[in-house]
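Accompanying notes for the structure given below.
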Amino acid sequence: MSTLYSTTAIILSRRDFRESDRWYTALTPEYGKIEFVARGGHKSLAKLTPHLEMIAEVELLLVHGRQYQIIAGVERHHSFFGLHEHLNQLTLAHNALHLVDVATKPMERDPVLYELLQDWLEFLCATESISNERAGFLLGSFMLKLMDVCGYRPELKLCLSCHKLIEPQNYHWHALRGGVVCHSCSLANQQAWFSARSISDDTLKLIRFALREPFSSQTRPHLKGEHIESFHEVLESFIISHFPIIPSVSLRTACAV
Ligand SMILES: [Zn+2]
């Protein structure tokens, strides 16, 4: 990497830093997550800030300073304008940016993750109306796909113990081991599978759908009260067991706007 370089990026987080500077994190297709500082003492900050505060895809011009990377310029590529007109869409976008921020370490290149975030923001822009219940389900779908990209794909088809296809209504969910275990395996070693819990076929189908299908299809499934309740319980147990940082609010609460 040369001293001065440019990269496409989506800003993930921002916070005040030292007296008048701001600290940013951003996701890039080339370098993964990067961190940089915008120097408040420079007149240019006023020009840079509006582009760094919106949810947008931007082109950053960065300089390697002695301690930090410093931003020298920014141009907006693509503003996800549709997002800013709807509160639920905006909430979903901010939550996803936060989840990506806490799930990633700096300088680990991952173009698939960048594409996932781009897809998500495009989808939110293109979707007119999202109910609170649907928002909770959508964020669950984003979370499952994010965990998949980060290497925590839940096992939803084969028994974790005997690796055979599970049969309808004949399995349990084990959050810590990250998937399903067939009934006979859990009976055969009750101590090992002590915390396995039963879930319905409909809940499992909903989780599989949320993980497998693109965001554009996630507005289709009918969200029946008990299944969506159980969907969130399973997902939350999975997040607590495997996500690097436990989000301060549950996915459901995050969307209760
Ligand atoms: Zn088994």
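Quick notes on this structure:
- Each 10 Å bin, from zero up to the one with the longest distance, holds this percent of the alpha carbon pairs of the chain: 7, 28, 30, 20, 11, 5, 0.
- Under 16 Å of direct C-alpha separation, and excluding same-chain neighbours fewer than eight residues apart, Lys157 reaches these lysines: Lys205.
- Helical contribution to [θ] at 222 nm, DSSP H n ≥ 4, -39,500 (n - 2.57), averaged over the chain, rounded to 500: -12000 deg cm²/dmol
- Once you divide the Cα radius of gyration of segment 4-79 by 2.2 N^0.38 Å, the number left is 0.98.
- For the pair Trp23 and Ser217, a Förster radius of 41 Å applied to the C-beta separation gives a FRET efficiency near 0.65, rounded to the nearest 0.05.
- When Val249, Val149, Val102 are sorted by how many other C-beta atoms sit within 10 angstrom of their C-beta, beginning with the fewest, the order is Val249, Val102, Val149.
- Spacing of the two label points (7 Å from each Cα toward its C-beta) at Ser184 and Ser129, in nm: 5.1 nm
- For the chain, averaging the sequence separation of C-alpha pairs within contact (under 8 Å, six or more residues apart) and dividing by the residue count gives a relative contact order of 16 percent.
- Ranked Arg134, Arg208, criterion: other C-beta atoms within 10 Å, fewest first: Arg208, Arg134
- Farthest toward the positive end of the dipole of the chain, out of Gly65, Tyr114, Ser250, is the Cα of Gly65, where the dipole comes from beta carbon charges about the Cα centre.
- Projected-area mean, segment 151-247, by convex hull of Cα positions, square nanometres: 6.7 nm²
- Using alpha-carbon coordinates, inclination of helix 87-103 to the longest axis of the chain, degrees: 90 degrees
- A Cβ-based charge dipole, computed about the Cα centre of the chain with Lys and Arg at +1 and Asp and Glu at -1, lands at about 460 debye.
- Packing-based exposure ordering (other Cβ within 10 Å, fewest first) of Met143, Met107: Met107, Met143
- Projected label distance in nm at Glu226 and Thr3, using a 7 Å step from Cα toward the beta-carbon: 6.8 nm
Bear in mind these aren't lab numbers, they're just calculated from the coordinates by the rules spelled out. All figures in this text were calculated on a predicted structure; none of them were measured in a lab. Glycine gets a Cβ as well: all are built from the backbone with ideal geometry, and neighbour counts include every protein chain shown.
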